[in-house]
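For reference, the structure is listed below as structure tokens.
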Amino acid sequence: MRETRYVKAINEALLEEMARDERVFIVGEDVGFGGGAFSATRDLLQRFGERRVRDTPISEAAIVGIATGAAMRGLRPVAEIMFADFLTLSMDQIVNQLAKVRYMFGGTYRMPVVIRAACGGGLNAGPQHSQSLEAWFAHVPGLEVVMPATPHDAKGLLKSAIRDDNPVLFLEHKALYASKGDVPEEEYLVPIGEADVKRTGKDVTIVTASRMVHHSLEAAAALAAEGIDAEVIDLRTISPLDKDAILRSVQKTSRLVVAHEAVKAFGFGAEIVAMICEELPASIRPRVARVGAPFAPVPFAQEKQYLPSAADVVQAVKRVMVS
Amino acid sequence: MRETRYVKAINEALLEEMARDERVFIVGEDVGFGGGAFSATRDLLQRFGERRVRDTPISEAAIVGIATGAAMRGLRPVAEIMFADFLTLSMDQIVNQLAKVRYMFGGTYRMPVVIRAACGGGLNAGPQHSQSLEAWFAHVPGLEVVMPATPHDAKGLLKSAIRDDNPVLFLEHKALYASKGDVPEEEYLVPIGEADVKRTGKDVTIVTASRMVHHSLEAAAALAAEGIDAEVIDLRTISPLDKDAILRSVQKTSRLVVAHEAVKAFGFGAEIVAMICEELPASIRPRVARVGAPFAPVPFAQEKQYLPSAADVVQAVKRVMVS
Amino acid sequence: MTERADELLAILASMVRVRRVEERLSELFTQGKIPGFIHVSIGQEAVPAGVCSCLERDDAVLTTHRGHGHAVAKGIDLKRFMAEIFGRRTGFCKGRSGSMHVADPTAGVMGANGIVGGGLPIALGTALASQYRGEKTVTVCFFGDGASNEGTFHESLNIAALWSLPVLFCCENNDWAQFTPQSRYMKVEGVARRADSYGMPGVSVDGSDVLAVRRAAAEAVARARRGEGPTLLECKVRRWFGHYVGDPQKYRPADDVKAAKALDPIERLVSRLAGSNALGTDGMQAIESRIQAEIDAAVAFAAESPPADPADLHRDVYA
Amino acid sequence: MTERADELLAILASMVRVRRVEERLSELFTQGKIPGFIHVSIGQEAVPAGVCSCLERDDAVLTTHRGHGHAVAKGIDLKRFMAEIFGRRTGFCKGRSGSMHVADPTAGVMGANGIVGGGLPIALGTALASQYRGEKTVTVCFFGDGASNEGTFHESLNIAALWSLPVLFCCENNDWAQFTPQSRYMKVEGVARRADSYGMPGVSVDGSDVLAVRRAAAEAVARARRGEGPTLLECKVRRWFGHYVGDPQKYRPADDVKAAKALDPIERLVSRLAGSNALGTDGMQAIESRIQAEIDAAVAFAAESPPADPADLHRDVYA
Ligand SMILES: Cc1ncc(C[n+]2csc(CCOP(=O)(O)OP(=O)(O)O)c2C)c(N)n1
Ligand SMILES: Cc1ncc(C[n+]2csc(CCOP(=O)(O)OP(=O)(O)O)c2C)c(N)n1
Ligand SMILES: [Mg+2]
Ligand SMILES: [Mg+2]
């Protein structure tokens, strides 16, 4: 184990998978010569050359199209869309093309495409550079959606995503790039679709992902001081959802808080609440609460007050603890 | 009252509002010379001329940009994106620009923009011409999302949308264009944000919208024969949600089924279930079920089996009736 | 470049095959045997026939909503092609997709597209794969004049030129986009001149002269195989019928239709061959009856195939 | 077109104002007084100053992430401009948006944009509004060379030409897009030649010669006001500093920076004026001190303004 930054863990995953499989290549804006806007692709051009690390013009639709076509012909592209907000410029290529190719064309194609993008707030980047849009993509059959919270998970999940034969939207939280955590020296994978219990507890289940995992753990620590024992489940993958992990925990605690950074309304928290309502036996009727951003764009200077915090999680837990 | 087709009701709303307000104009593909892909804009070019009915090249991003900029300078554009599936090509302009202009630029602008698009399946149009994507847009602060089910509501809501000072995504169901219903001779408006109880009942609440309203009413009729008295709430507007109407009904019936044509996972049904779980008093723990499409693209030949039906609604109601 | 007699006959047969397939599809659609909607390219056959006559089986073709001709000329199996359009489980897409999404990767028919301009960025990827592996295969991306106004056209041609990708961008300029005449969506005459924005050669040919199409395509394909990069080839064609089968074309002046039908690429090649004895005495007869039989067999296969399997609607969402 | 002395001084002052504002912003950012990140256009001042010298207050300007200069040259109120960048409630956007989204519609500064190419389609709409109402106002849309590779560039110029919209598309070609040199994202030399794809005049000028910019812009604006349609004006400029303030530019050769700084639009105009006595004896001094005072006042206003109001984060989502 060594302390490694989240962005470095991503860089290692890319480097290892490119070294391992000649079909893997990188395509995006500023990924080569510039080493990546957040330097996630640093030194890869020097290591693997122009053929496998490809700078593009500012053309987000084309970047995804390149990945889609290359996968249809047997390559394993890793595309970078610099900010998740810019995925809006690739939506047709992602949703109508990439996600549907296998289904639409009779199941003959395998589509091992990874699209990496930096999501979330925390850097005062303003309304067009701070969004969390994962719920959109989880609503699209054919896509997998991954949101790692730690360097360990970022590396292990990205390696799995690159080896996966389906399109994976890999959302990296820009406020976590500089965060540090233990990463094994030896090679490892983290499976897509498996949630991780980041803290075990018996009183309440907090289901979360990405940066909110850290706020949730902070909240759990504060709650422990008050004698409330919270379990924190890091989904890691938003689609496919690890329903069993959620159901198991909620059956134990019969209290659920879902916390995400995205706007609360129509966010992934809604799906999790609805899912447990449908799938739990009638006998269990858990108290539930959601934590998410207010119904407004991400503001520049008021970002701190806007973004969901540990305090918001604590409050939500207290709401579900009463009675 | 007279029997009028859904598409004709839309055409009348456009004609009346253009006659009423000189700032209203239409922009989109095939809207003028061709009279509209679904003939919703028929004869408007002849009536109002090239200045106010503007055919564009096939450029969906530009169509929305035109509407946005024109609204920033005081006009009231009605843009048409032929199929809702093609909104994917306008996502940046809708989500990062149009929806955020007022907020981002200090609240000085009013943005009276309507974007009309044909959504849904039923015409065997295949995976790229049949999607229901309303949940995406309901997750975007700054947008209103409207989905009329009847000619009456289509006309009244479209007129309200054109007079509204906010961006409205107006989703017309393509399988309803030919449907008929009563439309008053005299002018009327249907307010945005108000659900409509299309059938009153005491045993179970069915919350739905667009084409599923008709399937739900059919289901309610079948259930009545079995002595189950279902209330059918037509949301009409997905964002902002008419929470009171939903809560009022569920408090009465304590059973909820949400039915939509979109893929069930991460659809608007999830938000409604989560909302009532959070907002109902702890004493009321309704049984809930969702009806939505399976987690797959909309298939061509298997469309009938894919699309949620009255039978699916009946089954869901029976699930929540037990115990 | 001069074609041998057998080549000329193959090209003629290819055009006739496309024509008869789409005539039959129109008939079947009108009879209600085909669900959804279909778009035919009757009158534009010289483009698929001419271009595909320069391609190998493992070259890639991306096509559009008006893509039957490209698939057929590229050599797709007519039976499973027809079955897909009928929505049968024996179709290439298991009946899940229909006319706008026919694909057979084994024949290099990568996939038709219902999104105008949607195939252009994907063509960059299939072409990049050839370059990446040092293969000589090329990609042909067919699209319409209307599609040349989508943002994807610009992004794709720019990158193809920048990376010298082995792509032929083949624009079928038929003067119409759905119900709208070209003068209402483009100020410039033609699409070929747009190539200059990217430092790419742009060529415009008479798209109802199949040999002109073939020669221009052959040169572009050769350039691409030599690693010298993409070409934008504009073929000026005319749409004989409506946007979709059943389109009453109220918006279209009758003489525009008349002018379109005056240009018949098949007749043009036939009269050209008349001089030589390439066609022989009953050459055309032979071609027609052979193709008639192929199509009859394909329609019979489709009609007798079981309907799409409901279970298939849940399959292949993920690998 | 020859400028009167007062016009020349105004243009010089405009460039100096842009320069000093951005120097101060860089300083303040480095001191940690400004949240988020900012992009400065130092070295490119001739473009905002030259172009905006041809505009009236009610003309519309759409700008970019590198947009301070355009806003300042168009006549935005410096105090509320500075307050927005500081994230104060007195800012034009109530502190909700920051450097990349400054807007003051009353000064015709319609809004800066954080999406590369995002302003181009919007410019069609503001220009259409002028045409629709028969007003003589024009729209100027500023964007970079990198943005000219986005699909929106293509869709927007095509429609502007087709509809003869009163727009000036002003491309600041500074040879870089973020960390990447132009040779890696465009095969063609320059952006102006792309105008031909749309049947639009394309003009390229030395963007560090403010009078050359002004004259080209004046002509384009006059055309637009006469209803003769849009122009693509490319201004070749150089980026003196990094992509954002604090960018170490490891990727950039030192001599490229040196070459950039050798071209100083302000010095060029000053030496040009030296001959005439337009500047008078202490003319430059006077300009500098007046601007110094304006900026000091703006910074003081911003610094003394209360922080953004948390309640404002919930306001103005809807009208
Ligand atoms: C992105 C998108 N916009 C609009 C449509 C609707 N549509 C289908 S075909 C068509 C016209 C296409 O014109 P062109 O590219 O010239 O091809 P043609 O039909 O003439 O062969 C339109 C507007 C679509 N399918 N996709
Ligand atoms: C759609 C989009 N893609 C990428 C970015 C990230 N980005 C910000 S500025 C920039 C470079 C823009 O280059 P250019 O248009 O030449 O403007 P310049 O910065 O040189 O003034 C990039 C890639 C963005 N903001 N928006
Ligand atoms: Mg056409
Ligand atoms: Mg630049």
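At a Förster radius of 45 Å, what calculated FRET efficiency corresponds to the Cβ-Cβ distance of D:Glu304 and D:Asp196, to the nearest 0.05? Let's see the in-between values first.
On the way: r = 52 Å, r/R0 = 1.16.
Using R0 = 45 Å, I get an efficiency of 0.30.
For B:Lys202 and A:Val197, what does the FRET efficiency come to when R0 = 41 Å and r is the distance between their Cβ atoms, rounded to the nearest 0.05? Working shown, then result.
Working: r = 43 Å, r/R0 = 1.05.
Calculated value: 0.45.
Can you tell me the order of A:134-145, A:160-171 when each peptide is scored by its average per-residue count of other Cβ atoms within 10 angstrom, highest first?
Working: A:134-145: 25.7, A:160-171: 24.0.
Peptide ranking by packing, descending: A:134-145, A:160-171.
How high is the relative contact order of the stretch C:27-72, given as a whole-number percent (alpha carbon pairs under 8 Å, six or more residues apart)?
The normalised contact order for the stretch C:27-72 reaches 45 percent.
I need the inter-copy label distances for A:Glu226: point set 7 Å along Cα to C-beta, values in nm with one decimal, smallest first.
Label-point separations across copies, in nm and ascending: 4.6.
Could you quickly flag the chain D residue whose beta carbon comes closest to the rotation axis taking D to C, and that distance in whole angstrom?
It is D:Gly151, 1, counting Cβ atoms only.
Place a point 7 Å from Cα of D:Arg225 in the direction of its Cβ. Which residues in the stretch D:108-145 have their backbone N less than 11 Å from it?
D:136-138, by backbone N distance to the label point.
Within the stretch C:208-242, find all residues whose amide N lies under 15 Å from a label point positioned 7 Å from the Cα of C:Glu56 along Cα-to-beta-carbon.
In the stretch C:208-242, the label zone of C:Glu56 (backbone N under 15 Å from the point 7 Å along Cα→Cβ) covers C:221-227.
Using the membrane-span-like helix rule (whole DSSP H runs, Cα extent along the own axis of at least 30 Å, mean Kyte-Doolittle hydropathy at least -1.0), which helices of chain D qualify?
On the way: long enough: D:5-30 (37 Å, 0.32); D:283-304 (32 Å, 0.38).
For chain D, where a helix must reach 30 Å along its axis and average at least -1.0, the hits are D:5-30, D:283-304.
From the label point of D:Ala293, set 7 Å from Cα along Cα→Cβ, how far away are the matching label points in the other copies, in nm, ordered shortest to longest?
Here D:Ala293 shows inter-copy label distances of 9.8 nm.
At q = 0.13 Å⁻¹, what log₁₀ I(q)/I(0) does the stretch A:252-315 have when each alpha carbon counts as one equal point scatterer in the Debye sum?
The calculated log intensity ratios at q = 0.13 Å⁻¹ are -0.41.
Under the definition of partner shielding as Cβ atoms of other protein chains within 10 Å of a residue Cβ, what is the mean value for peptide A:115-128?
On the way: counts 0, 0, 0, 0, 0, 0, 0, 0, 3, 6, 6, 14, 14, 14.
Going residue by residue through A:115-128 and averaging, the value is 4.
Just to confirm the numbers: B:Val322, label point 7 angstrom along the Cα-Cβ line, distances to the other copies in nm, shortest first?
The answer, with the shortest distance listed first, is 3.5 nm.
Taking a ≥ b ≥ c as the square roots of the eigenvalues of the Cα gyration tensor of the stretch A:24-98, is the shape rounded (a/c under 1.5), prolate (a/b larger than b/c) or oblate?
Taking the square roots of the gyration eigenvalues as a ≥ b ≥ c, the stretch A:24-98 is oblate.
Within 10 Å of each Cβ in peptide A:234-246, how many partner chain Cβ atoms are there on average? Round it to a whole number, please.
Details: counts 0, 0, 0, 0, 1, 3, 3, 2, 0, 0, 0, 0, 0.
Taking the mean over all residues of the peptide, I get 1.
Using the Kirkwood radius over C-alpha pairs as Rh, can you work out the diffusion coefficient of the stretch C:223-318 via Stokes-Einstein at 4 °C, viscosity 1.567 mPa s, in µm² per second? The partial results should precede the final answer.
Numbers: Rh = 19.1 Å.
Translational diffusion coefficient: 68 µm²/s.
Quick one: Cα convex hull volume of the stretch C:145-185, Å³ per residue? Kindly include the intermediate steps, with their values, before the conclusion.
Values: hull volume 2.6 nm³, N = 41.
Value for the stretch C:145-185: 64 Å³ per residue.
Just the number, please: Stokes-Einstein D of the protein assembly as shown in µm²/s, Kirkwood Rh from C-alpha pairs, 37 °C, 0.692 mPa s. Can you show the working numbers first?
On the way: Rh = 31.5 Å.
So the translational diffusion coefficient is about 104 µm²/s.
Calculate for chain D the 222 nm mean residue ellipticity that helices alone would give, adding -39,500 (n - 2.57) per DSSP H run of length 4 or more and normalising by residue count, nearest 500 deg cm²/dmol. Before the final figure, lay out each step's value.
Values: 10 runs with 133 residues, N = 319.
Computed ellipticity for chain D at 222 nm equals -13500 deg cm²/dmol.
Do the sum for chain B: with -39,500 (n - 2.57) for every DSSP H run of n ≥ 4, divided by all residues, what is the mean residue ellipticity at 222 nm, to the nearest 500 deg cm²/dmol? Before the final figure, lay out the partial values.
Working: 11 runs with 109 residues, N = 323.
Theoretical 222 nm ellipticity from helices: -10000 deg cm²/dmol.
Considering all projection directions equally, how large on average is the shadow of the alpha-carbon convex hull of the stretch B:202-323, in square nanometres? Before the final figure, lay out each step's value.
Values: hull surface 29.6 nm².
The number I arrive at for the stretch B:202-323 is 7.4 nm².
How big is chain C by Rg and Dmax over its Cα atoms, in Å?
18.9, 57
Using Cβ contacts closer than 10 Å as the measure, can you line up D:Lys74, D:Lys136, A:Lys198 from fewest to most?
Values: D:Lys74 24, D:Lys136 13, A:Lys198 20.
Listing D:Lys74, D:Lys136, A:Lys198 from fewest to most nearby Cβ atoms yields D:Lys136, A:Lys198, D:Lys74.
For the stretch C:92-213, list log₁₀ I(q)/I(0) at each q in 0.12 Å⁻¹, using the Debye formula over Cα point scatterers of equal strength and ignoring solvent, two decimals each.
Computed log10 I(q)/I(0) values: -0.49.
Roughly how many nanometres apart are two label points built 7 Å out from the Cα toward the Cβ at D:Glu23 and C:Glu288?
Each label point lies 7 Å from its Cα, and together they span 8.5 nm.
Go through the stretch C:227-299 and name the GluC sites (Glu not before Pro) that are in a DSSP coil and have 15 or fewer other Cβ atoms within 10 Å of their Cβ.
Values: sites: C:Glu228, C:Glu234, C:Glu267, C:Glu288, C:Glu294; in loops: C:Glu228.
In loop regions of the stretch C:227-299 (DSSP not H, G, I, E or B), the sparsely surrounded GluC sites (Glu not before Pro) are C:Glu228.
Using a simple spin-label model with points 7 Å from Cα along the Cα→Cβ vector, what separation in nm is obtained for A:Ala311 and A:Arg51?
A separation of 5.7 nm, rounded to one decimal place.
Quick one: compute the contact order of chain B, relative version, from alpha carbon pairs under 8 angstrom and 6+ residues apart, as a percent. Intermediate results must be reported in sequence, preceding the final value.
Values: 730 pairs, mean separation 53.2, N = 323.
Relative contact order, chain B: 16 percent.
Hey, got the average number of other protein chain Cβ atoms within 10 angstrom for residues in A:279-287? Display every interim value, and only then the final one.
Working: counts 0, 0, 0, 5, 1, 1, 6, 2, 4.
Average neighbour count from other chains, rounded to a whole number: 2.
Can you give the Rg to Rh ratio for the stretch B:153-246, taking only C-alpha atoms and Rh from Kirkwood?
Numbers: Rg = 14.3 Å, Rh = 14.4 Å.
So for the stretch B:153-246, dividing Rg by the Kirkwood Rh gives 1.00.
Calculate the translational D of the stretch A:80-201 in whole µm² s⁻¹ from Stokes-Einstein, where the hydrodynamic radius comes from the Kirkwood formula applied to all Cα pairs, the temperature is 25 °C and the viscosity 0.890 mPa s. Present the calculation step by step, with values, prior to reporting the outcome.
Working: Rh = 15.4 Å.
The estimated diffusion coefficient comes to 159 µm²/s.
I need the Kirkwood Rh of the stretch D:8-115: take the reciprocal of the average 1/r across all distinct C-alpha pairs and report it in angstrom. Before the final figure, lay out each step's value.
Working: mean 1/r = 0.0741 Å⁻¹.
One decimal place: 13.5 Å for the Kirkwood radius.
Cα-based Rg (one decimal) and Dmax (whole number) for chain B, in Å?
Expressed in Å, the Cα Rg and Dmax of chain B come to 19.4, 62.
To the nearest 10 degrees, how steeply does helix B:310-321 sit against the main Cα axis of chain B, on a 0 to 90 scale?
Value to nearest ten degrees: 40.
Can you list which of the GluC sites (Glu not before Pro) found in the stretch B:22-101 are DSSP loop residues with at most 16 other C-beta atoms within 10 Å? Walk me through the numbers before you get to the answer.
Working: sites: B:Glu22, B:Glu29, B:Glu50, B:Glu60, B:Glu80; in loops: B:Glu22, B:Glu29, B:Glu50.
Passing both the DSSP loop test and the Cβ count: B:Glu22, B:Glu50.
List the relative contact order of chain D as a percent without decimals, with contacts defined as Cα pairs under 8 Å and 6+ residues apart.
Once normalised by length, the contact order is 24 percent.
Ranked highest first by average number of other Cβ atoms within 10 Å, how do D:46-59, D:211-224 line up? Walk me through the numbers on the way to the answer.
Values: D:46-59: 23.6, D:211-224: 21.1.
Per-residue mean Cβ counts within 10 Å order the peptides as D:46-59, D:211-224.
Dividing the convex hull volume of the alpha carbon atoms of the stretch C:156-216 by its residue count, what do you get in Å³ per residue? Walk me through the numbers on the way to the answer.
Details: hull volume 6.1 nm³, N = 61.
Looking at the stretch C:156-216, the number lands at 100 Å³ per residue.
Mind ranking C:26-36, D:191-201 by how tightly packed they are, going by the mean number of other C-beta atoms within 10 angstrom, highest first? Show your work: numbers first, answer last.
Details: C:26-36: 15.9, D:191-201: 21.9.
Ranked from most to least packed, the peptides come out as D:191-201, C:26-36.
Measure nothing but the geometry: give the 0 to 90° angle between the long axis through the Cα atoms of A:6-20 and the longest principal axis through the Cα atoms of chain A, rounded to 10°.
40 degrees
Starting from the Cα of A:Glu16, step 7 Å along the direction of its Cβ; do the same at C:Ala262; then give the gap between the two resulting points in nm.
It is 7.0 nm.
For helix B:268-279, report the angle its Cα long axis makes with the longest principal axis of the Cα atoms of chain B; keep it between 0 and 90° and round to the nearest 10°.
Around 60 degrees separate the two axes.
Considering only DSSP beta bridges whose two residues both sit in chain C, what percent are antiparallel, to the nearest 5?
15 percent
Give me the dipole magnitude in Debye, nearest 20, for the protein assembly as shown about the Cα centre, with unit charges on the beta carbon: positive for Lys and Arg, negative for Asp and Glu. Each step should come with its number before you reach the end.
Numbers: 148 positive and 160 negative charges, 105 e Å.
Computed charge dipole of the protein assembly as shown: roughly 500 debye.
Determine the distance separating the Cα centre of the stretch A:113-182 from the Cα centre of the stretch C:15-58; give it in Å without decimals.
44 Å
Along its principal axes, what span do the Cα atoms of the stretch D:130-284 show, with the longest given first and each in whole Å?
Reported extents, whole Å, longest axis first: 46, 45, 25.
How big is Rg to Rh over the stretch B:118-186, alpha-carbon atoms, Rh as the Kirkwood inverse-mean-distance radius? Working shown, then result.
Working: Rg = 13.3 Å, Rh = 13.2 Å.
Here Rg/Rh amounts to 1.00.
Counting only DSSP beta bridges with both residues in the protein assembly as shown, tell me the antiparallel percent, nearest 5. Working shown, then result.
Numbers: 26 of 144 bridges.
Restricted to the protein assembly as shown, the bridges split so that about 20 percent are antiparallel.
If the limit is 22 Å between Cα atoms, which of B:Lys304/C:Lys94; A:Lys252/B:Lys318; A:Lys202/A:Lys243; A:Lys304/D:Lys33; C:Lys236/C:Lys261; B:Lys155/B:Lys180 go over it? Walk me through the numbers on the way to the answer.
Working: B:Lys304/C:Lys94 15 Å; A:Lys252/B:Lys318 28 Å; A:Lys202/A:Lys243 18 Å; A:Lys304/D:Lys33 17 Å; C:Lys236/C:Lys261 14 Å; B:Lys155/B:Lys180 12 Å.
Violating the 22 Å Cα-Cα cut-off are A:Lys252/B:Lys318.
Any read-out appearing in this document is the output of simple, stated calculations on the displayed coordinates, not a laboratory observation. For clarity, every value in this text was computed on a predicted model and none was experimentally measured. When we count neighbours, we look across all protein chains shown, and the Cβ atoms used for this are built from the backbone with ideal geometry, even at glycine.
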